[in-house]
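As structure tokens, the structure follows; a few thoughts come after it.
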Amino acid sequence: MARALQIAPSILSADFGRLGEQVRDAEAAGADAISLDVMDGHYVPPITFGADVIAAVRRSTSLPLEAHLMVSNPEAHIEPLVAAGVDTILLHVETAIHLHKLVQEIRALGARPGVTLNPATPLSTLDAILPLVDQVQIMSVNPGWGGQAFIESALERIASTRERLDTIGSQAVLEVDGGVNASTISAVAAAGADLVVAGSAVFNDRESVEEAMARLRSAAVGG
Ligand code: DX5
């Protein structure tokens, strides 16, 4: 029986002036986790937030927290983020020179290690690490900003990664991040995703978080 698609709202598009309230709204609306886009202004141009803000988010919700590290030096952020209460850390394969070592370090600290990769990074870069991670994220936008258009070629990458995970018998969660909204979520689910990140589709000025989450849930099953 296929697992129901899970949704992790990304606070990247939330109102940072009332972040705790927005996180609580997302939890009340049935979010399965909260996605935290950690950006250092170097790996990607924007700067977002680090461990201190994440510790505040931790105090606002009991949901699992996942940190997407869009930073040039992921090794410097792992311990502080786990200490701040992050449950899952997603490393970009393009930035982690010692990827195997960092995955082991995350697991040794009691968190779930995951990997993510940019839209043009070959899927073959996942081969050696796939059996060792608990989550694989396929980027369907170029990292750095919310509200971008879904990159259609990601659908084949999602399906191919789904096949790869099934072939090796991995129970890793297959996640998709970027441009997931009511128009794209059903195709993402059909391609084999277990979990989606949704930022601007959840936090926007068109509708409440509750309405946005309900719209996504309905669209995910073709409603
Ligand atoms: C890009 C970010 C975004 C964000 C989701 O670096 O990772 O993908 O989480 O943003 P939306 O859902 O608005 O595309």
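Quick look at the values:
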| read-out | value |
| --- | --- |
| Mean projected area (nm²) of the alpha-carbon convex hull when the stretch 1-115 is viewed from all directions | 7.8 nm² |
| Contact order normalised by residue count of the stretch 104-203, Cα under 8 Å, 6+ apart, percent | 26 percent |
| Solvent-accessible area, 1.4 Å probe, carbon plus sulfur percent, for the chain | 53 percent |
| Rg followed by Dmax, in Å, when the chain is reduced to its Cα trace | 16.0, 45 |
| Relative contact order (percent, whole number), the chain, Cα cutoff 8 Å, 6+ residue spacing | 21 percent |
| Solvent-accessible area per residue, Å², over the chain with all protein chains present [probe radius 1.4 Å] | 43 Å² |
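The values are calculated or read from the model by the stated rules, or taken from the named source; none is laboratory data. This one's a predicted model, so the numbers in the text were calculated from it and none came from an experiment. Accessible surface areas use protein heavy atoms only, side chains included; no ligands, DNA or RNA. Shrake-Rupley method; radii C 1.70, N 1.55, O 1.52, S 1.80 Å.
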